[in-house]
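Accompanying notes for the structure given below.
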Amino acid sequence: METASIQEIACLEDAVEFLYEWPKHKRGPIYDTALRARQRAFDSDYPLTSAQSAFSGFARSAKSSRT
């Protein structure tokens with residue numbers, strides 16, 4: 001059984017780094033959406049709230065896939 005860990009994501013850069021480090025075999029469409037949204041928010045005027053929403057959706061899906 002895998003041990004769950006909690007990692008604090010305090011800023012946009014933390015989220016992008018966390019996504020880059022996510023295991024490749026666990027990535028999927030929700031991951032891709034979250035990463036694209038975070039990258040767009042980092043590189044342009046894409047709404048941060050939209051990027052946060054996409055990352056939250058990814059986090060929820062990652063959590064539910066662990067159970």
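Odds and ends about this structure:
- Of the residues making up the stretch 56-63, none is in contact with a Lys or Arg (Cβ under 7 Å, 6 or more places away or on another chain) and surrounded by fewer than 16 Cβ atoms within 10 Å (Cβ to Cβ).
- Any pair with Cβ under 7 angstrom, 6 or more apart, that starts in the stretch 42-53 at a residue that is part of a loop (DSSP other than H, G, I, E, B) and ends at one that is modelled with pLDDT of 90 or more and charged (D, E, K, R): Y46/R40
- Here Y31, Y46 are screened, and the one residue that is surrounded by 13 or more Cβ atoms within 10 Å (Cβ to Cβ), of a type in the set (S, T, Y) and within 9 Å of the chain's Cα centre (by Cα) is Y31.
- Scanning the stretch 4-26 for residues that are in a loop (DSSP other than H, G, I, E, B), within 17 Å of K63 (Cβ to Cβ) and of a type in the set (A, V, I, L, M, F, W, C) turns up A4, I6, I9, W22.
- Checked against (1) open to solvent by less than 80 Å² (accessible area, probe 1.4 Å); (2) aromatic (F, W, Y); (3) under 10 Å from the mean Cα position of the chain (by Cα), Y20 meets all criteria but (1).
The values are calculated or read from the model by the stated rules, or taken from the named source; none is laboratory data. Note that the structure is a prediction, hence the values are computed from the model and not measured. Reconstructed Cβ throughout: ideal geometry from the backbone, glycine too, with neighbour counts over all protein chains shown. The accessibility values were calculated without ligands, DNA or RNA, using every heavy atom of the protein model including side chains. Shrake-Rupley method; radii C 1.70, N 1.55, O 1.52, S 1.80 Å.
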